[in-house]
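Here's the structure, in structure tokens; my notes come after.
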Amino acid sequence: MSDNQEASDAEDTTPSESATLPLRPHSDRPTCNKTGVCSRSYFVVVMVFFHVYIINVIALLFYVHYNSGQEDTNQGRDAPSSNQQQPESPRPPSKPEFLRVSSLTRIEGIRVGHVQKVSLMQNKVHEMRTLSMKPLLFEIPGFLSDDECRVVMQLAQLKGLMESQLMVQEGQEELAKELNLSPDEIFNLLDINQDGQLQLHEILTHSRVRDGIWLTPENLREIYTGLKADKDGDGLLSLEEFRLLSNDAFQRFLLQRGVKKSQLVRNSRHTWLYQGKGAHQVLQDIKTKVTRLTRLPPSLVDLSEPLQVVRYEQGGHYHAHHDSGPVYPETACTHTRLAANTSTPFETSCRYITVLFYLNSVEGGGETAFPVADNRTYDEVSLIQNDVDLLDTRRNCDKSNLRVKPSKGTAVFWYNYLSDGKGWVGEQDEYALHGGCMVTQGTKWVANKWINIDPDYQRQARYQQLVSQQPEDDDDEDLTLNQDTQSSDIHQDL
Ligand code: OGA
Ligand code: CA
Ligand code: CA
Ligand code: FE2
């Protein structure tokens, strides 16, 4: 506000005040009734109420602050078996070496663009920027030094990289035969929206999951023509049209015509590098930095998958996918299968966090795309609409909500699961959908560090007890890990 404005405001008040004056009795001070609204005691009472009110508001703000978003620091987590809130008690001095995990840290994103400083190593501070809130996604430039990037690529080459996806998986027919499904039953399974017709996207999704072959709507139309499948030419398969096709007609057609690598879900080569004791110092240092970055217990990082190093040639890609599976009661995690009570029919990788490192700067393309990051809603069906398939990273990366350009040494990391609100892993975060865009120029090197945590707390606890060979605690079921004997060298061969 300028001085002039202030002056004119001050002037404005004078006439109105003077306008009220005639209403007052003509005396030096307005006379007040001792029990009236301008008595001293009335003033004192009002002021007391006012202060109590302010103190209450401040206390409420403190309460809210210390009860939200702090589950990572010191809040006791009630194990799923007990409904009582366990008060946080100091650890028994007899077990100082035990690391007891009762709650997982979840770093706060605050808002997109928010930058926070992180200390990952001595004498260096990194900046971590929030890229999206859904999924909770961060970027840390300079996470790896140029030398570290070089060593990781060289070690991977020394070990040898293998095709990330083999051409066509056999054995699917046997599964169908074993289940003895009729064409009508298969039709029903595929007809997601149950409208009695198979739309293009219903077949496309199925083919990707089943054979790892990435059909485009054009490919499918070509197959329809080749097999004379769509008799009435409406682009849909009715039950009658479907019945006329043999069980493996699509597969046989594709095999005859040949499948190119560019038609697979994933077109890259990769290898795994172990990071436990005895591994190259650079690999161990990366693990330490990841532990500091994620603020998770070292035991959880130690027991996670090895580092995956991936190389994409020019033309390479990885269509949009989830690194981790959804949480169903009948699904077990691959990493804790040792601790599963029964053999479960479905197994999925439970990767709570993905840390993705760019080991080189790519000349053209190769961005990591997050098609639905920070979308207002998530709608699986609208991801594949007739001719625009948002999951297709060869064609539609430009339509993704967010793309991260590979830059040597930068790390990005995100949570594949939401929180359960009690400090443990909750539902899968559907917004964590992502893929590697096609490399248009040069090659692209990345590495993935996945941190495996079972959404089933008890199963994770049993697993950690098993691998650390600790006798189970009688009093509670907290995760208990002896840091001396924790098996940093026990890994699953994946
Ligand atoms: C992956 C992956 C993305 C990329 O390897 O799982 O999603 O940009 N990679 O390479
Ligand atoms: Ca349908
Ligand atoms: Ca038809
Ligand atoms: Fe991925």
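Quick note: the coordinates plus some simple rules give every number you see, no bench work behind them. Not measured: the values here are computed from a predicted model. Don't worry about glycine lacking a Cβ; one is built from the backbone with ideal geometry, like all the others, and counts go over all protein chains shown.
Quick rundown of the values:
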quantity: By average C-beta atoms within 10 angstrom, highest first, the peptides 321-334, 388-401; calculated: 388-401, 321-334
quantity: Globularity ratio of the range 285-410, using Cα Rg and 2.2 N^0.38 Å; calculated: 1.26
quantity: Violating pairs (Cα-Cα greater than 18 angstrom) within the set Lys287/Lys444; Lys405/Lys444; Lys260/Lys399; Lys260/Lys444; calculated: Lys287/Lys444; Lys260/Lys399; Lys260/Lys444
quantity: Simple spin-label estimate for Leu166 and Glu218 in nanometres, 7 Å along Cα-Cβ; calculated: 3.0 nm
quantity: 3J(HN,Hα) from dihedral phi, the range 214-227, Karplus parametrisation 6.51/-1.76/1.60, rounded to Hz, x for glycine, proline; calculated: 8, 7, 9, x, 5, 4, 5, 4, 4, 5, 4, 5, x, 9
quantity: By average C-beta atoms within 10 angstrom, highest first, the peptides 209-216, 253-260; calculated: 209-216, 253-260
quantity: For the range 344-469: rounded, prolate or oblate by the Cα gyration tensor [a/c cutoff 1.5]; calculated: oblate
quantity: Spin-label model distance (nm) - Gln256 vs Thr443, 7 Å beyond Cα toward Cβ; calculated: 3.8 nm
quantity: The range 164-264: Cα Rg divided by the 2.2 N^0.38 Å rule of thumb; calculated: 1.04
quantity: Qualifying GluC sites (Glu not before Pro) for the range 360-461 [loop in DSSP, other Cβ within 10 Å: at most 15]; calculated: Glu363
quantity: Protection proxy ranking, peptides 117-126, 414-423, 442-451, average beta carbon neighbours within 10 Å, highest first; calculated: 442-451, 414-423, 117-126
quantity: Additional length obtainable on full extension of the chain from Glu178 to Asp234, 0.36 nm per residue less Cα span; calculated: 16.8 nm
quantity: Extension gain (nm, one decimal) between Ile186 and Asn341, 0.36 nm per residue minus Cα-Cα; calculated: 52.6 nm
quantity: Spin-label pair His114/Asn247, simplified geometry with 7 Å Cα→Cβ offset, distance in nm; calculated: 5.4 nm
quantity: Model label zone, Arg129; criterion: amide N under 12 Å from point 7 Å along Cα-to-beta-carbon; scope the range 329-371; calculated: none
quantity: Euclidean distance between Cα centres, the range 176-251 to the range 413-427, Å; calculated: 36 Å
quantity: Asp379-Ser39 FRET efficiency (beta carbon distance; Förster radius 41 Å; 0.05 resolution); calculated: 0.05
